[in-house]
Amino acid sequence: MIRKAVMLMSAFLVAFCGSTLEPARGQNPRKKISASPQFPEAPAAFDNRSNGMVDDQTHGADQGKFEEIENVADGLGPLYNAQSCRECHQNPTSGGGSQVTELRVGHLGPDHRFFNPDIPIARGTEIISGRTLVNDRAICPSAAFPDTEIQERVPDSETVRTTRISLSLMGDGFVEAVSDQTLIDLAGTQCKSSHGKICGLVIYVPIIEAPGRAAVGRFGWKNQHASLLSFSGDAYLNEMGITTTLFPDEVTKLCNTVAEPNDKPGPDGLADVDHFARFIRSLKAPPQDMTLAKTLAAMRGSVLFDKIGCAVCHVRTLATAPAGTKINGGAFTIPAALGSKAFHPYGDFLLHDVGTGDGIVIPTAEHYGRAARQMPNQCSPENFQKTRNRVRTAPLWGMRLRPRLMHDGASTTLRDAILRHAGEADHATHDFRKLAAKEQEEMLEFLKSL
């Protein structure tokens, strides 16, 4: 069943965006069979240079903003996790992932639906609600506020608890430029070809910079954003406590001394959050280690990766919409550097239940701010509840540079991560266990090249 799903999925991807096919069993694994790609390859490298969306000088200046340390005078906090984007997105260079995790909690109500936590601060005089994130740091008590303690701590009532590891942002400009319909079709093909056993969940989420508009989510472990500008504004507020025109409301006013919004446009008309989004959109994709990928063992492992069904969700190749296409509710137009490009994320950017779901539902007030008060019609509350035990398929590109794997970073070897898969991935895990020891090692060699 899973093998049939892989074959159908591969046919869909080759027809849609072209690919490089691996040799079938019995063929020389050193000889690749190439299908003529319909689109040029997206640039991939760890060289700190632009993917072509902007010039390298502009990209370098945007990187400087991305790496800039925020202080209390800039609006840091009052509750926060980090002082810089780079703090959580740096390995092996700015925009990559890291070992940094964030804490999220909540609880189930009598109806077994997920509820966001109520976190008391300032000795219980204020309750933080509407978020699942628990910030690890606070700007007070301090010299200015010696008697005000606002550190968040998890109450015993919040029995659903998880950590999430920081994601890599490299190549996300190409991910943003994938059309909604491509992801919808991908989910439909998965479900149909597997007879309902593997069905990626598509959710529509608000575009903060285009009020009233929505698009298919693809960023964050719960696919809570479709736009990199929305994603950047969310992180700037909830991870660093910096308010913007997109997210102008502080989580708490205690200890707050900087006028809102903290992030204001500079002489070029762009605020820091605009530079962040442009920097991410200009990042190249993570490259594969082709020296390792060309070894006999890795090439055989690549065939096995498809054979046991991993590629159903860890999709090898996707393609972006044409240049000039308006996305994000019309707020962004795909430039030539990002349009009609093939890239290789080894992920489908859909939500799946693979037995590792963290139990957390997307908190709308946290991720969408004022937009959560009147959500677009496409943003279904029931679909949001369905995210509880689902997480986005982890794209495997750049995985060789991550010693901590899965959404929580709790798996520390490739074998552990594979064997941890269950639910929709149960058949693939079962087939991996059935492989001969040598075949398992070959597949691990292939994964080490990603």
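The values are calculated or read from the model by the stated rules, or taken from the named source; none is laboratory data. What you see is a predicted model, and the numbers here were worked out from it, not measured in a lab. No Cβ is skipped: glycine too gets one built from the backbone with ideal geometry, and neighbour counts run over all protein chains shown. Surface areas here come from the heavy atoms of the whole protein model, side chains and all, with no ligands, DNA or RNA. Shrake-Rupley method; radii C 1.70, N 1.55, O 1.52, S 1.80 Å.
Can you give me the C-alpha center-to-center distance between segment 135-158 and segment 287-305, rounded to a whole angstrom? With segment 135-158 and segment 287-305 each reduced to a Cα centre, they are spaced 49 Å.
With charges set only on the Cβ (+1 for Lys and Arg, -1 for Asp and Glu), what does the dipole of segment 197-337 come to about its Cα centre, in debye to the nearest 20?
Here segment 197-337 has a charge dipole of around 920 debye.
Per residue of the chain, the DSSP helices (runs of n ≥ 4 H) give a summed -39500 (n - 2.57) that works out to -8000 deg cm²/dmol at 222 nm. A Förster radius of 51 Å, combined with the Cβ-Cβ distance separating residue 270 from residue 419, puts the computed FRET efficiency at roughly 0.65. For the modelled label position 7 Å from the Cα of residue 67 along Cα-to-Cβ, which residues of segment 158-182 have backbone nitrogen atoms closer than 17 Å? In segment 158-182, the label zone of residue 67 (backbone N under 17 Å from the point 7 Å along Cα→Cβ) covers 169-170. Considering only 289, 268, 185, the Gaussian network model of the chain with Cα springs below 10 Å gives its largest mean-square fluctuation to 268. Other residues lying with their Cβ under 11 Å from the Cβ of residue 224 contribute a combined charge of +1, Lys and Arg counting +1, Asp and Glu -1.
Size of segment 160-307 from its Cα atoms: along the principal axes, largest to smallest, the extents are 60, 38, 35 Å. Per the Kirkwood formula applied to alpha carbons, segment 38-110 shows a radius of gyration over Rh ratio, Rg over Rh, of 1.13.
For segment 311-429, a crude dipole built from +1 on the beta carbon of Lys and Arg and -1 on the beta carbon of Asp and Glu, taken about the Cα centre, is about 360 debye to the nearest 20.
To the nearest 20 debye, what is the magnitude of the charge dipole of the chain about its Cα centre, counting +1 on the Cβ of each Lys and Arg and -1 on the Cβ of each Asp and Glu?
I would put it at about 2080 debye.
Taken over segment 298-449, the alpha-carbon convex hull comes to 139 cubic angstrom per residue.
Candidates 124, 165, 368 compared by Cα position along the dipole of the chain: farthest toward the positive end lies 165, with charges placed on Cβ.
Once neighbouring chains are kept in place and the probe is 1.4 Å, which whole percent of the accessible area of the chain is contributed by carbon and sulfur?
53
Computed with every protein chain present, the accessible area of residue 438 is close to 140 Å² [probe 1.4 Å]. Residue-normalised convex hull volume from the C-alpha trace of segment 282-361: 155 Å³ per residue. Annotation: the antiparallel percentage among DSSP beta bridges lying fully within the chain is about 95.
The coefficient of translational diffusion for segment 94-193, derived via Stokes-Einstein from the alpha carbon Kirkwood radius under 20 °C and 1.002 mPa s, stands at 125 µm²/s. Sorting the Cα pairs of segment 238-279 by distance into bins of 10 Å, from 0 upward, gives 27, 53, 18, 1 percent per bin.
Of the listed values (1) 73, 52, 39; (2) 94, 51, 45; (3) 80, 59, 38, identify the label whose number matches Cα extents along the principal axes in Å calculated from this model. Given (1) 73, 52, 39; (2) 94, 51, 45; (3) 80, 59, 38, the structure-derived one carries the label (1). Computed over segment 337-409, the P(r) curve from all C-alpha pair distances, binned at 5 Å from the origin, holds 3, 13, 17, 18, 16, 16, 13, 4, 0 percent per bin.
Convex hull of alpha carbon positions in segment 118-169: directionally averaged projected area 5.1 nm². Note: segment 254-314, Cα convex hull, 204 Å³ per residue. Positive-end ranking of 40, 72, 133 along the dipole of the chain, with charges on Cβ about the Cα centre, is headed by 40. What the Cβ-Cβ distance of residue 142 and residue 385 gives, at R0 = 41 Å and to the nearest 0.05, is a FRET efficiency of 0.55. Between 143, 331, 73, the Gaussian network model of the chain with springs among Cα atoms under 10 angstrom shows the greatest mean-square fluctuation at 143. Evaluated at q = 0.17, 0.20 Å⁻¹, the base-10 log of the normalised Debye intensity for segment 396-444, with identical point scatterers placed on the Cα atoms, takes the values -0.54, -0.73. Accessible area per residue for the chain, computed on protein heavy atoms with a 1.4 Å probe, is 41 Å². Per-residue accessible area (protein heavy atoms, 1.4 Å probe) orders 427, 107 as 427, 107, starting from the largest.
The residue list 444, 423, 383 was ranked by how far each Cα lies along the charge dipole of segment 379-450 toward its positive end, using unit charges on Cβ atoms, and 383 comes out on top. Computed over segment 202-276, the percent of Cα pairs more than 20 Å apart is 34.
In what order, largest first, do 431, 426 sit by accessible area if the probe radius is 1.4 Å?
426, 431
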